[in-house]
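Please read the structure below before turning to the comments.
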Amino acid sequence: MSNWVELTGQAASALLGTLAGGAITVHVARWQTSKSITAQAELAASQQAANAALVQEQWERQRSTEAAQRLLERLAALYAWLPSLPDLALERPTLSAHAREQCSVALSSVRHGMQTDLLSIGDAEARARYRTLVKIAFDVGWRRMGQVDRERQIADARGYMRYVQLTLEAVVDGTALPAHVAPPVLDVLTTEVGDGSHGLGILNE
C-alpha cells in the first residue's frame, strides 16, 4: 500500500513538473511572439516613415527644379531686352519705345516670379540671390541708380543676372551653388578692387 502511495506521489510530482514546464514554455513562446510582433511593427513603422520622408524630399526637389526652370525662362526674356533697362524711367528712351515696353514687360515677369515660382525653391541662398537681382533691375530701370554711366548700369545688371542664372541652373541640376559674389554697387562710377562689383567681371563675358 505504501508503495502504491509512493508511486502515486511520484506520478503526481512528475505531472505537476510537466504542467509547470509546459506553462513556462507557453509563456516564453507567447513572450517571444509578442516581442517579435512588436519589433516587426516598429520596423514597418520606421520603414513607412522613411518612405514618406523620401517621397516628400523627392516632391520638394521636383518642385524646386520646375520652379527654377520657369524662373530661368523669365530671366531669358529680360536678358533679351536688357539694353533698354536704363530707359524704363525715361520719357525719351535711348533705344526704341518698343524695346522699352518689352523690357518693362519682361521685368514685371521677373518680379512676378519672385512672388510665385521663387517660393517653391527650397534653397534660401538661391532665393536671396534672385531677390537681389530683382532689386538691382528695379534700381537701374525705375529708380535710375547709376544713371550717369549707362554702360556700367547694363554691365552690372547683366553680370549679376548671369550669376543668378548659374545659381538657378545649379538648383535644376542638384549641384552646389556658385560661390557667393557681392552684388554691384550701382552708385559707383568706376570698378575698384573691394567694391560691390568686384568679382562680377567674369560673368559679363
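Here are some residues: Arg150, Arg143, Arg111. Which one is at pLDDT 95 or above and on the phi < 0 side of the Ramachandran plot?
Only one candidate passes the filter, namely Arg111.
Okay, residues lined up against (1) in a helix (DSSP H, G or I); (2) within 28 Å of the chain's Cα centre (by Cα); (3) modelled with pLDDT of 70 or more; (4) loosely packed, with under 13 Cβ neighbours inside 10 Å:
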position: Gly22; (1), (2), (3), (4): yes, no, no, yes
position: Gln47; (1), (2), (3), (4): yes, yes, yes, yes
position: Ser64; (1), (2), (3), (4): yes, yes, yes, no
position: Thr94; (1), (2), (3), (4): no, no, yes, yes
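Between a residue in region 143-154 that is more than 9 Å from Leu186 (Cα to Cα) and part of a loop (DSSP other than H, G, I, E, B) and any residue that is open to solvent by 100 Å² or more (accessible area, probe 1.4 Å) and modelled with pLDDT under 90, which pairs come within a Cβ distance under 8 Å, given they are 6 or more apart or on different chains?
Close Cβ pairs satisfying both conditions: Val148/Leu189; Asp149/Leu189.
Six or more apart or on different chains, Cβ under 8 Å: which pairs go from a residue in region 112-124 that's of a type in the set (S, T, N, Q) to one that's assigned to a helix (DSSP H, G or I)? Could you list them?
What qualifies is Ser120/Arg63; Ser120/Ser64; Ser120/Glu66; Ser120/Ala67.
Looking only at region 113-135, count every residue that is in a helix (DSSP H, G or I), open to solvent by less than 20 Å² (accessible area, probe 1.4 Å) and among the β-branched types (Val, Ile, Thr) and tell me the total.
Within region 113-135, residues that are in a helix (DSSP H, G or I), open to solvent by less than 20 Å² (accessible area, probe 1.4 Å) and among the β-branched types (Val, Ile, Thr) number 1.
Just to be sure I understand, how many residues within region 71-92 are outside any loop (DSSP other than H, G, I, E, B) and within 20 Å of Arg162 (Cβ to Cβ)?
Residues meeting the conditions: 15.
The values are calculated or read from the model by the stated rules, or taken from the named source; none is laboratory data. What you are looking at is a predicted structure, and each value in this text was computed from that prediction instead of being measured. Cβ sites come from the backbone with ideal geometry, for glycine too, and all protein chains shown count toward neighbours. The area values use the complete protein model at the heavy-atom level, side chains included, leaving out ligands, DNA and RNA. Shrake-Rupley method; radii C 1.70, N 1.55, O 1.52, S 1.80 Å.
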